[in-house]
Amino acid sequence: MSYIVFFTLLLLITLLGVYVVIENNRKKAREAQKKIFNARLKEVTDNFKAKTAEYVDAKILRPKYAPKINAIVGNFFVVQAHTEANLNQLEKISEQFTRVVGTELGKSRITGNKDQLAEQLQYFVAELPSSGIAYNKDFYHEILPALIALIKTSDVPLDTLNNDEDAEHENGTEEQNNDTGDGENRRVEQQMTAARQRLTTS
């Protein structure tokens with residue numbers, strides 16, 4: 001009888017030891033995943049803020065607007081869960097913004113018209129939410145992409161890089177581009193309006 005009790009206790013101690021080891025391994029795995037997640041989040045945030053500083057240096061963004069731009073990444077997880085899918089969305093939307101502004105900055109250097117881009121970014125900042133709680137899923141999936149699209153302008157014609165050869169032709173092309181751009185802007189504005197209505201009714 002004493003042998004049965006002894007082996008039973010030994011078995012229970014062994015099982016307890018195995019359970020403790022497994023739980024420790026799971027805990028270490030969760031901590032490792034959390035470190036990787038935080039490292040990715042820090043990289044996205046740091047890169048985005050560095051780009052914002054570049055826009056200030058390039059004089060297309062006023063210094064007082066930089067914190068509002070940086071709130072795009074700073075407020076992402078205010079009301080959203082720390083999940084892989086959400087982090088992927090943050091990486092996607094921050095890259096979309098910096099890519100569009102970078103492209104527009106390149107165009108402005110060609111045309112010599114940085115003031116227009118500065119004005120577009122000023123309007124962009126004015127449309128950003130004033131409270132952290134408004135930086136929710138609908139904002140990042142619906143409103144923000146529409147706002148970013150409004151920053152875009154028509155492509156710079158190749159004629160701009162050369163001497164003017166045919167003024168009338170250029171004027172006609174410009175009018176056509178403006179018509180196309182206006183149609184695109186109307187479409188984007190309609191999308192943004194619809195997204196805002198969904199936000200107010202939700």
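From zero outward in steps of 10 Å, how is the percent of C-alpha pairs of the stretch 25-112 spread across the bins?
Pairs per bin, as whole percents: 15, 41, 26, 12, 4, 1.
Within the stretch 1-101, list the trypsin sites (Lys or Arg not before Pro) lying in a DSSP loop whose Cβ has at most 13 other Cβ atoms in a 10 Å radius. Before the final figure, lay out each step's value.
On the way: sites: Arg26, Lys27, Lys28, Arg30, Lys34, Lys35, Arg40, Lys42, Lys49, Lys51, Lys59, Lys64, Lys68, Lys92, Arg99; in loops: Lys59.
When the trypsin sites (Lys or Arg not before Pro) of the stretch 1-101 are filtered for loop state and at most 13 Cβ neighbours within 10 Å, Lys59 remain.
So between Lys34 and Leu15, what do we pick up on full extension, going 0.36 nm a residue minus the alpha carbon distance?
On the way: separation 19, 0.36 × 19 = 6.84 nm, distance 2.85 nm.
Working it through step by step, the gained length comes to 4.0 nm.
How far is it, in nm, from the label point at Lys137 to the one at Glu43 when both lie 7 Å from their Cα along the line to the Cβ?
2.6
Compute the Rg/Rh shape ratio of the stretch 61-123: radius of gyration over Kirkwood radius, all on alpha-carbon atoms. Walk me through the numbers before you get to the answer.
Working: Rg = 14.2 Å, Rh = 13.3 Å.
A ratio of 1.07.
Could you bin all the Cα-Cα distances of the stretch 5-161 into 5 Å bins starting at 0 and give me the percent of pairs in each, rounded to whole numbers?
1, 8, 15, 16, 14, 10, 8, 5, 4, 4, 3, 3, 2, 2, 2, 1, 1, 0, 0
In whole angstrom, how far apart do the alpha carbon centroids of the stretch 5-21 and the stretch 32-88 sit?
Between the Cα centre of the stretch 5-21 and that of the stretch 32-88, the gap is 49 Å.
Expressed as a whole percentage, what fraction of the accessible surface of the stretch 4-106 belongs to carbon and sulfur atoms when a 1.4 Å probe is rolled over the protein heavy atoms? Before the final figure, lay out the partial values.
Numbers: 4230 of 6720 Å².
With neighbouring chains kept in place, the figure for the stretch 4-106 is 63 percent.
Where a ≥ b ≥ c are the square roots of the eigenvalues of the C-alpha gyration tensor, would you call the stretch 91-153 rounded, which needs a/c under 1.5, or, failing that, prolate if a/b is larger than b/c, or oblate?
Prolate.
The values are calculated or read from the model by the stated rules, or taken from the named source; none is laboratory data. What you see is a predicted model; the values in this text were computed from it and never measured. All Cβ positions, even for glycine, are placed from backbone atoms using ideal geometry, and neighbour counts span all protein chains on display. Surface areas here come from the heavy atoms of the whole protein model, side chains and all, with no ligands, DNA or RNA. Shrake-Rupley method; radii C 1.70, N 1.55, O 1.52, S 1.80 Å.
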